[in-house]
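Following: one structure in structure tokens, then a few remarks.
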Amino acid sequence: MVKVFISHSTSSDEQTARLRDAIAKGLEERHHTVLLDVRLQEPGRPWQLKLAKFLGECDAALVLVNEAALGSSWVRRESNILHWRKTLHPGMVLVTVLVGGVTAGQLRASELRYLADDDVERVRTWADEEVNRLVGQFPRIRRLWDDAVSAWLDNIGIQLREIKDQSTLARIATELDIPAEEHEELIPGLAPVLLASQMLDTHDVVKLGNAVLVARMGGLERDRVGRLATMILPVWVDRDEARRIVKETDGSIRRVVILNVDSPLIGEQYLARAFCVDIRSYYIAKAAGRPPGDDDPEFYLLDQCEQAVKQAIGLDPDQELDNPEEPRSFGRFFLLLDAKRCDLGIVQRVIAQLHEKIPWMHVLVIPGRDVDVWESWPGSHDEVLVLDPPFEQRHETLVKAVMRRVNDCVRPNDRGAW
């Protein structure tokens, strides 16, 4: 059966709680399974982890936005995950309902502003007609068997399922700030998906790295530790920033993205976060402009880019790169260009030449933090998306240190002191 999640904040709003229950009843009468947190909250029983599981397994969702929801951290967390899933899987039904006196302006001014881009309904009364109208927004919902976020959760869970020791699962939960009273929910069969859900809501790279290290110390084999690290470490990247690489807030897609950081590794993390580490959805070629001696820097950069692109799309080095056909169902192709030692004027000309030969290619440029992109980019500002991350260079260093530490424990020659 199709599963519909209802997000709400109604503990002090009886009218909205009655609306919530009426909508749930209407959905169930239409043979949908309703996922609702109040049905989990048994006295003395932890419920937050099961709620996280709901967010990953639902096929559709409805967010009730009353005054309380505008300031609710839980509604923000739930709707963040739901909206991210819809961004990557546009067929998902996500309906936002403005309740009572809440206005569209209040929604756009709140931390739930991203919901204003989806289907927004309004109710001012709690009449049966209003309930039926809302329930009618879910007429023919398809099961989301393989949307990117659900697959991401499943793949993380597959790795965690190999951990058999309850104490190791509890230590991972501790690293992820899961309260001790919820650890009893970490039972075989349920623990992997609950921990996976919490990992996708943990944005501290050190905590994510430590969770991986605990898994390794608990006996998870190196290959699985490596896969787990690959899947969860990019979660530190801001979801909304990464999403702009996939699709801009106005629905447009830019083929050139400039990320104002120093390290190409951060660019890889942004791409992984943007596509939920789904290697079917994107693939990368890497190039850098570091001309030796007196070589012409533009010729050198173009040659480096062409050779990297050829290798990624299956051409031999001596084959011409002349409008190759874009592979179907192969994912989005990115050239990750380390341009720290390049003049952006040269970079722009090289990209223009590449796009004449392979127009379906996307480019992620890493110019370094000391470059004023808008002053240095000679082309139209409308042709590029510029991302200015909210973190400083020292955070880049921290991310690289965490990844290096995790990689060290995955290598076959790790010290084995555990």
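The values are calculated or read from the model by the stated rules, or taken from the named source; none is laboratory data. In this text the structure is predicted, and so the values were computed from the model without any measurement. FYI the Cβ positions are ideal-geometry reconstructions off the backbone, even for glycines, and counts take in every protein chain you see. In case anyone asks, the SASA skips ligands and DNA or RNA and just uses the protein heavy atoms, side chains included. Shrake-Rupley method; radii C 1.70, N 1.55, O 1.52, S 1.80 Å.
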Count of lysine pairs in the chain with Cα separation under 24 Å (8 or more residues apart, or interchain): 24
At 7 Å along the Cα-to-beta-carbon direction for both Asp165 and Phe391, put a label point, then send me their distance in nm to one decimal. 3.0 nm
Nearest 0.05, what FRET efficiency do Arg328 and Ala180 give at R0 = 45 Å with Cβ-Cβ as r? 0.35
In Å, the Kirkwood hydrodynamic radius of segment 131-247 over pairs of distinct alpha carbons? 15.5 Å
For Arg290 and Gln319, FRET efficiency with R0 = 25 Å and r from the beta-carbon atoms, rounded to 0.05? 0.55
Taking the chain as the reference, fit the longest principal axis to its C-alpha atoms, fit the long axis of helix 14-29 to the helix C-alpha atoms, and give the angle between the two in degrees, 0 to 90, nearest 10. 80 degrees
Per the Debye formula with a single identical scatterer at each Cα and no solvent contribution, what log10 I(q)/I(0) holds for segment 207-346 at q = 0.12, 0.17 Å⁻¹? -0.63, -1.09
Cα long-axis angle, helix 205-217 against the chain (0 to 90 degrees, to the nearest 10): 90 degrees
Relative to the present Cα-Cα distance, how much length would full extension add between Asn132 and Glu28 at 0.36 nm per residue of separation? 36.2 nm
How about segment 301-388: which chymotrypsin sites (Phe, Trp or Tyr not before Pro) there lie in a loop by DSSP and see at most 15 other Cβ atoms within 10 Å? Phe330, Trp360
For the chain, what does the equivalent ellipsoid look like in terms of its semi-axes, each the square root of 5 times an eigenvalue of the Cα gyration tensor, given largest first in whole Å? 41, 28, 19
Considering only the other residues whose Cβ falls under 13 Å of the Cβ of Glu326, what net charge follows from Lys and Arg at +1 and Asp and Glu at -1? +3
Could you compute the net charge surrounding Asp238? Neighbours are other residues with a C-beta less than 13 Å from the C-beta of Asp238; K and R count +1, D and E count -1. 0
Return one whole number: the accessible area per residue of the chain in Å², for a 1.4 Å probe. 47 Å²
Any idea how far apart Lys247 and Arg77 come out in nm if each label point goes 7 Å out from Cα toward Cβ? 2.7 nm
Got a number for carbon plus sulfur as a percent of the chain's accessible area, 1.4 Å probe? 46 percent
Helix-derived mean residue ellipticity, 222 nm - over the chain, DSSP H n ≥ 4, -39500 (n - 2.57), to 500: -13500 deg cm²/dmol
For Asp240 and Arg280, compute 0.36 nm times the residue count separating them, minus their Cα-Cα distance, and round to one decimal in nm. 12.3 nm
What number comes out for the charge environment of Lys207, summing +1 per Lys or Arg and -1 per Asp or Glu over other residues with Cβ under 12 Å away? -4
Along the principal axes of its C-alpha atoms, what lengths does segment 327-418 span, in descending order and rounded to whole Å? 55, 37, 22
Computed over the chain: longest principal axis from alpha-carbon atoms vs helix 166-175 long axis, angle to nearest 10 degrees, is 70 degrees
